[in-house]
Amino acid sequence: MIIALNNKCNLTKQDFLKYQEELGKISTNNKLILCPTFLNIGHYNLENVELGAQNVSSKEPGATTGEVAAIQLKEEQVKYCIVGHSERRNYQHETNEEINQKIIKLLDQNIIPILCVGETKEEREKHLEKGIIEKELEIALQQVNQEQKEKIIIAYEPIWSIGTGIIPTNEEIKEMIKNIKEILPNNKVLYGGSANEENIVLLREIKEIDGYLLGGLSLKPEKLKIFIEKLEK
Ligand code: PGA
């Protein structure tokens, strides 16, 4: 299983250094991927956890103030990068076309994209979720060849579950993961959205899930440890 930790915009340098001491004590056979803020990437010092980023520029390096390019992430030993997180789609108005450019830039540097897809509450109420995700995948993966495509990790994150404490039913999650795997049969698919050390007992029954993208829980190493122990039972 893959367990990706999305710190979002949390942890000052000092807090991050203490946090890593705690994360360093976790032993697991699962693959842990830590996605800190850009600045904390420079302070990463773990051996049991791989390094990821939360975003990358969709443009070539150069006159793009405030951006970080894939080649710069590569130099920092970044192996994975989240793209298309709903918070960026929402606050930064990122489009599927921009996300596609980010994916191409990352793959050029051999960095594995973790592509987030998911529907809003309103879209689900109107039964549009399947079509929304198909469109997100279709545009984000344009001009990516089959071999490269298969490297991409997909994270199904219903937007109404992120940070809300509400998770879909197992049936709902299973159906969406199956839909994604019908389009991308060889890709790993993660679930993200309020997964925690309690609901993992339910979530782990969904055999189609290849791992988790954790936001809030990523910041609590003690609870994360319990999550992993229950996942491994
Ligand atoms: P959450 O966030 O676990 O806090 O719901 C998940 C995410 O945003 O990736």
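No value in this document is a laboratory result; all are computed from the given coordinates. Nothing here was measured: the structure is a model prediction, and the numbers come from that model. Glycine also receives a Cβ, built like all others from the backbone with ideal geometry; neighbour counts cover every protein chain displayed.
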Residue separation times 0.36 nm, minus the C-alpha to C-alpha distance between Leu128 and Lys223: what's the value?
-> 30.8 nm
If the chain between Ala63 and Thr95 were fully stretched, how many nm would it gain, using 0.36 nm times the residue separation less the Cα-Cα distance?
-> 9.5 nm
From the residues Ile26, Gln72, Val49, which one has its Cα farthest along the dipole of the chain in the positive direction, the dipole being from +1 and -1 charges on Cβ of Lys/Arg and Asp/Glu about the Cα centre?
-> Ile26
How much length, in nm to one decimal, is gained on full extension between Asn145 and Asn29, taken as 0.36 nm per residue of separation minus their Cα-Cα distance?
-> 38.7 nm
Violating pairs (Cα-Cα greater than 21 angstrom) within the set Lys105/Lys130; Lys31/Lys188; Lys79/Lys149; Lys149/Lys220; Lys174/Lys223 = Lys105/Lys130; Lys149/Lys220; Lys174/Lys223
Magnitude of the charge dipole, the chain, Cβ model with Lys/Arg +1 and Asp/Glu -1, debye to 20 | 360 debye
Mind grabbing the base-10 log of I(q)/I(0) for the stretch 2-59 at q = 0.14, 0.23, 0.25, 0.30 Å⁻¹? Debye formula, identical points on the C-alpha positions, no solvent, two decimal places.
-> -0.36, -0.92, -1.06, -1.41
Measuring from its Cα centre, the stretch 166-233 shows a charge dipole (+1 at each Lys and Arg Cβ, -1 at each Asp and Glu Cβ) which, in debye to the nearest 20, is 180 debye
Under the Kirkwood approximation applied to all pairs of distinct alpha-carbon atoms, what is the hydrodynamic radius of the stretch 104-176 in Å?
-> 13.5 Å
Let me know the Rg and Dmax you get for the stretch 2-231 when you use only its Cα atoms, in Å.
-> 16.7, 48
Mean separation of Cα contacts under 8 Å (6+ apart) over length of the stretch 2-231, as relative contact order % | 18 percent
Expressed as a whole number of Å, what is the distance separating the alpha-carbon centroids of the stretch 194-233 and the stretch 34-74?
-> 25 Å
Could you point to the residue in Trp160, Gln14, Pro61 farthest towards the positive end of the stretch 2-231's charge dipole, with +1 and -1 charges on the Cβ of Lys/Arg and Asp/Glu respectively?
-> Gln14
